[in-house]
Each structure stands twice: as C-alpha cells, then as structure tokens.
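The values are calculated or read from the model by the stated rules, or taken from the named source; none is laboratory data. Every value quoted in this text rests on a predicted model; they were computed, and no experiment measured them. FYI the Cβ positions are ideal-geometry reconstructions off the backbone, even for glycines, and counts take in every protein chain you see.
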C-alpha cells in the first residue's frame with residue numbers, strides 16, 4: 001500500500017525527555033513542519049511513548065494543534081488505526097538496506 005503523504009524524519013542524538021519533546025521537537029520543529037505540509041488543520045495522534053503521554057505534552061497539544069487525539073482515546077495495540085508507525089518503519093528499513101554496508 002502506498003500512502004500519498006510526505007514523511008518527516010527527524011533524527012535525534014541523545015535522550016528525549018518530557019521537557020525537550022514538547023518545547024523543542026513539537027513547538028520548534030515538528031508542528032511547524034506539519035503546518036507547512038498540511039496547513040492549519042490536521043489531526044495528531046501519537047503512540048504510547050512516555051514523552052507522548054507526559055502531562056507537559058498532553059497540556060501543550062490541545063493549544064498547539066487543531067485536532068489532537070488524547071491518550072485516553074487511543075485504542076490499545078491497534079495497527080489498523082495507527083498506520084503511521086508501520087509506514088515509517090517500512091520506509092526506514094527500505095532505506096537502511098538499500099545499499100550494502102561496508103566493513104572497515
């Protein structure tokens with residue numbers, strides 16, 4: 001299945017915590033990039049990562065997004081409702097294995 005969407009991949013070095021995620025990643029990087037691709041109206045759903053469920057993140061997103069699906073409404077273990085994870089990992093795997101790794 002091919003999705004006609006652009007995928008934004010943001011590589012982070014180090015650990016992402018509940019202050020860094022909403023303040024730096026969401027407000028400064030991801031949300032502006034999403035708005036640039038889709039405009040002001042979009043639905044944001046995240047997985048169950050601790051930084052996604054953190055109170056700081058859950059407090060920020062209703063104010064920063066037009067439509068946010070809160071953690072209380074996330075169905076448990078539903079790949080059919082969260083195709084983003086599966087599409088991203090498939091694309092990453094394809095890119096990683098596209099070229100051979102050379103041993104030094």
**Report entry** Filter pass, residue 3 being at pLDDT 75 or above and not in a helix (DSSP H, G or I)
**Finding:** no
Requested in this report: Only residues in segment 26-37 that are under 15 Å from residue 11 (Cβ atoms) count as the first member; pair them with residues that are part of a helix (DSSP H, G or I), Cβ under 6 angstrom, at least 6 apart or cross-chain, and list the lot.
Outcome: none
Report task. Can you work out which of the residues in segment 17-73 that are in contact with a strand residue (DSSP E or B) (Cβ under 7 Å, 6 or more places away or on another chain) and part of a helix (DSSP H, G or I) is surrounded by the most Cβ atoms within 10 Å (Cβ to Cβ)? Result -> 61
